[in-house]
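Below you'll find the structure, written out as structure tokens, and then a few comments.
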Amino acid sequence: MNGPLSPDRLARELRRRGLPAEYVERLIEEWQDHVDDLVVSQEGGHGMEAEKICLAHHRVGDEPTLVDTAVKEFRKRTFAGRHPVLTFLLAPIPLTVVAWILYFFTGYLVGCVAVFLGGDWFRIEGKPFAEWPAYVLWAQMAFVFAAPIVPPLLVTMLTCRWGSMSGRSWLWPATACLLFAFLAGLFHINVEYPYAPGTGKLMICLFFSKRPLNSQLLHCAIPLIIGAFLLFRHGHPRRRTPPAASLGDPTLARAA
Amino acid sequence: MSRTRTNPDYLNGVPELLILHLLSRRPMYGYEIVRAIEESTEQALEFGEGCIYPVLHRLEAGGSLASRRELVGGRSRVVYRVTPAGKKKLVQSENHWRAIVAAVEKVLRGEEHERPALA
């Protein structure tokens with residue numbers, strides 16, 4: 001017959017296997033309720049209290065089976081849980097490219113809307129940059145500056161969120177963060193502002209330099225830092241309730 | 001008394017079907033569901049009792065069930081009930097199950113299928 005189930009041990013093992021802390025708490029609570037129901041159902045029967053609790057634990061199941069089932073069922077919930085290779089190894093590169101496309105498309109849309117609503121306040125077509133309004137120039141420079149940072153940052157946060165909901169090990173989203181960092185480091189954008197109508201240039205590319213610029217190293221570091229922070233926070237949540245000594249009768253557990 | 005626990009592959013999906021069916025009759029908490037499965041199947045099907053909770057949680061996350069902590073018999077328990085989406089899923093699962101059982105039965109009974117005539 002199995003020994004008493006230990007909520008601390010169960011919780012530790014479930015967390016180690018990648019389940020979120022909140023879910024683990026809920027699971028332990030309901031298992032505890034079930035053990036209580038089993039013990040109560042044996043009231044009036046023969047046997048000591050300790051035997052009844054042992055039998056209840058036996059019927060709930062052994063720790064390896066409970067943990068395996070909980071992990072298997074949790075992973076079935078999400079696409080990332082069912083397909084970690086696709087989500088964390090294959091998807092990051094196309095996802096980042098799509099994020100950049102959406103970023104520039106959004107910038108273009110915002111510009112069109114601004115011109116439509118504001119008219120000459122925002123119109124820069126056909127003008128050399130010396131004639132651009134200062135706020136437009138600053139907005140453009142900020143947009144270009146953020147281009148290597150914002151899209152990789154957003155996909156990093158999204159993927160870490162998927163990782164926390166997938167029930168998979170933290171290594172999966174960490175690997176995805178490495179891929180995001182690599183792409184962010186390769187990203188290069190160069191703007192030549194027009195000195196005359198039709199002379200402006202915008203160059204966007206991914207290239208590998210033997211001597212990367214400091215800025216490229218910074219772009220590479222940001223997804224890594226953010227990813228590390230989010231994964232650390234997922235792995236070390238704030239504890240809400242103190243752990244119980246054992247499922248069932250706590251006095252018996254302390255005596256053991 | 002030791003219990004024999006088996007989980008052959010062809011029983012995948014069976015716990016969900018049974019849970020949805022039982023909860024469509026009335027809301028229950030986990031212990032009640034386990035007892036209801038045991039009684040309804042006359043102990044022909046046995047599930048690791050603690051293993052039912054991850055299945056319940058998955059069904060809830062998928063929108064088939066809803067849960068709420070309630071007082072039952074003077075004690076606080078998490079009671080599960082099936083949602084409209086769960087009822088839809090139950091109907092689909094039952095139809096699917098009946099089709100599979102009928103097809104397998106045909107094979108086991110050894111009914112011969114007619115060979116098409118050759119030109």
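Mind sorting B:V78, B:V101, B:V72 by how few other Cβ atoms lie within 10 Å of their own Cβ, fewest first? Don't skip to the end; give the middle numbers.
Values: B:V78 19, B:V101 10, B:V72 16.
Lowest count first: B:V101, B:V72, B:V78.
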Exercise. Treating the beta-carbon of each Lys and Arg as +1 and of each Asp and Glu as -1, no other charges, what is the dipole magnitude of the range B:66-110 about its Cα centre, to the nearest 20 debye?
Worked result: 180
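Among A:L10, B:L108, rank each residue by its count of other Cβ atoms within 10 Å, from fewest to most, as a rough exposure measure. Don't skip to the end; give the middle numbers.
On the way: A:L10 20, B:L108 8.
The order, fewest Cβ neighbours first, is B:L108, A:L10.
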Exercise. Which far-off residues, 5 or more places away or on another chain, put their amide H under 5 Å from the one on B:Y29, with H placed in the peptide plane?
Worked result: B:Y80
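May I ask you to work out the translational diffusion coefficient for the range A:1-98 at 25 °C, viscosity 0.890 mPa s, via Stokes-Einstein with Rh from the Kirkwood sum over Cα pairs, reported in whole µm²/s? Mind dumping the intermediate values first?
Numbers: Rh = 15.6 Å.
After rounding, the answer is 157 µm²/s.
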For this session: Please identify, among A:I149, A:I204, A:I53, the residue showing maximal mean-square fluctuation in a Gaussian network model of chain A using a 10 angstrom Cα cutoff.
Result: A:I204
Problem set entry | Spin-label pair A:H236/A:M203, simplified geometry with 7 Å Cα→Cβ offset, distance in nm | 4.4
For this session: Work out Dmax and Rg for the protein assembly as shown from the C-alpha atoms and quote the Rg first, both in angstrom.
Result: 29.4, 97
Problem set entry | Inter-label distance, nm, simple model (7 Å from Cα along the C-beta direction), A:L213/B:L45 | 6.4
For this session: Compute the signed sum of charges (Lys and Arg +1, Asp and Glu -1) over the other residues within less than 15 Å, Cβ to Cβ, of A:A134.
Result: 0
Exercise. Taking chain A as a Gaussian network, where each spring joins two C-alpha atoms under 10 Å apart, which residue of A:Q42, A:Q32, A:Q216 fluctuates the most?
Worked result: A:Q42
Seminar exercise, completed: The FRET efficiency for B:V104 and A:M157, from their Cβ-Cβ distance with R0 = 56 Å and rounded to 0.05, is 0.70
Exercise. Looking only at A:M48, A:M141, A:M157, which one moves most when chain A is put into a Gaussian network model with springs between Cα atoms under 10 Å?
Worked result: A:M48
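How high is the FRET efficiency from B:E38 to A:R16, r the C-beta distance, R0 35 Å, rounded to 0.05?
Values: r = 32 Å, r/R0 = 0.93.
Using R0 = 35 Å, I get an efficiency of 0.60.
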Problem set entry | Relative exposure of A:D37, A:D62, A:D120, A:D8, judged by other C-beta atoms within 10 Å (fewest first) | A:D120, A:D8, A:D62, A:D37
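Read the figures in this text as sums done on the coordinates, not as results from a lab. Predicted model, so just to flag it, every value in this text is computed and none were measured. Cβ atoms come from the backbone with ideal geometry, glycine included; neighbour counts cover every protein chain shown.
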